[in-house]
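Asks: One structure coming up, written as structure tokens, with questions to follow.
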Amino acid sequence: MNQLQGVNLGGWLVLERWMTPSVFEGTDAIDEHSFMQTVGAKTKLREHQKTFIQEEDFRWMQQNGINAVRIPIGYWIIDGDDPYISSIGRLDWAVQMCAKYQIKALICLHGAPGSQNGHDHSGQTGKAL
């Protein structure tokens, strides 16, 4: 069994203000839920998801001995439960890139329905439901 050397793609498919503050610029949003209710959020988030990680990054990972990547997701990734948007296509793309560059993908459910802990990484800050 090979030892895993990995990286985390936090802040990509689940927004966390402290990890990707530039996405939140110009808003009072504190989490993905409140961000998605701001003007132009869908366009800005789509651009972020398209540019945050690129094929060249997967190539770089492989060339530098990275053989595992953790990809946090929210429950809303498939259906885009309002106000969220679906990003299953980006996850599919990342898994394809992992396969192409012989990198293992660890998909982590980071946000459960109702916010499992009330922290921003669960999609909505505040009281967990």
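Asks: Looking at the range 10-25, which of the residues that are free of Cβ contacts under 8 Å to residues at least 12 places away in the same chain and in a loop (DSSP other than H, G, I, E, B) is farthest from GLN102 (Cα to Cα)?
Replies: Here is the first cut: in the range 10-25, the residues free of Cβ contacts under 8 Å to residues at least 12 places away in the same chain are 19, 21-22, 24-25.
Narrowing the set further to residues that are in a loop (DSSP other than H, G, I, E, B) leaves 19, 25.
Values: MET19: 26, GLU25: 36 Å.
This residue is GLU25.
Asks: Testing VAL7 on (1) surrounded by fewer than 18 Cβ atoms within 10 Å (Cβ to Cβ); (2) more than 12 Å from the chain's Cα centre (by Cα); (3) assigned to a loop (DSSP other than H, G, I, E, B), one condition comes back false. Which one is that?
Replies: Going through the list (1) surrounded by fewer than 18 Cβ atoms within 10 Å (Cβ to Cβ); (2) more than 12 Å from the chain's Cα centre (by Cα); (3) assigned to a loop (DSSP other than H, G, I, E, B), VAL7 breaks only (3).
Asks: Ok, one more. What are the pairs with Cβ atoms under 6 angstrom where one residue, in the range 76-97, is at negative phi and the other, located anywhere, is part of a loop (DSSP other than H, G, I, E, B) and surrounded by 14 or more Cβ atoms within 10 Å (Cβ to Cβ)? Sequence gap at least six, or different chains.
Replies: TRP76/TYR84; ILE77/SER87; PRO83/MET36; TYR84/MET36; SER86/GLY80; SER87/LEU13
Asks: Next question. Does the range 62-113 hold any residues that are over 15 Å from LYS50 (Cα atoms) and among the charged types (D, E, K, R), and which are they?
Replies: Correct list: ARG70, ASP79, ASP81, ASP82, LYS100, LYS104.
Asks: Would you please name the residue that is modelled with the highest pLDDT, looking only at residues in the range 70-116 that are of a type in the set (S, T, N, Q), surrounded by fewer than 16 Cβ atoms within 10 Å (Cβ to Cβ) and touching a helix residue (DSSP H, G or I) at 6+ places or on another chain (Cβ under 7 Å)? Give the steps one after another, and end with the answer.
Replies: Kept after step one, since they are of a type in the set (S, T, N, Q), are these residues of the range 70-116: 86-87, 96, 102, 115-116.
Filter once more, keeping what is surrounded by fewer than 16 Cβ atoms within 10 Å (Cβ to Cβ): 86, 96, 102.
From what's left, touching a helix residue (DSSP H, G or I) at 6+ places or on another chain (Cβ under 7 Å): 86, 102.
On the way: SER86: 92, GLN102: 98.
It comes out as GLN102.
For every residue, the table says whether it meets (1) acidic (Asp, Glu); (2) farther than 19 Å from LEU9 by Cα; (3) touching an Asp or Glu at 6+ places or on another chain (Cβ under 7 Å).
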| residue | (1), (2), (3) |
| --- | --- |
| ALA29 | no, yes, no |
| VAL69 | no, no, no |
| ASP92 | yes, no, no |
| GLN96 | no, no, no |
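Asks: Tally the residues that are of a type outside the set (Phe, Trp, Tyr), surrounded by fewer than 16 Cβ atoms within 10 Å (Cβ to Cβ) and not in a helix (DSSP H, G or I), restricting the search to the range 49-69.
Replies: The qualifying residues number 3.
Results for (1) under 15 Å from the mean Cα position of the chain (by Cα); (2) on the phi > 0 side of the Ramachandran plot; (3) hydrophobic (A, V, I, L, M, F, W, C), shown as yes or no for each residue.
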position: THR20; (1), (2), (3): yes, no, no
position: PHE24; (1), (2), (3): yes, no, yes
position: THR27; (1), (2), (3): no, no, no
position: ILE30; (1), (2), (3): no, no, yes
position: SER34; (1), (2), (3): no, no, no
position: THR38; (1), (2), (3): no, no, no
position: ARG46; (1), (2), (3): yes, no, no
position: GLN49; (1), (2), (3): yes, no, no
position: GLY74; (1), (2), (3): yes, no, no
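The values are calculated or read from the model by the stated rules, or taken from the named source; none is laboratory data. As the structure is a prediction and not an experimental result, all values here were calculated from the model. A quick note on method: Cβ atoms are made from the backbone with ideal geometry, for glycine too, and the neighbour counts reach across all protein chains shown.
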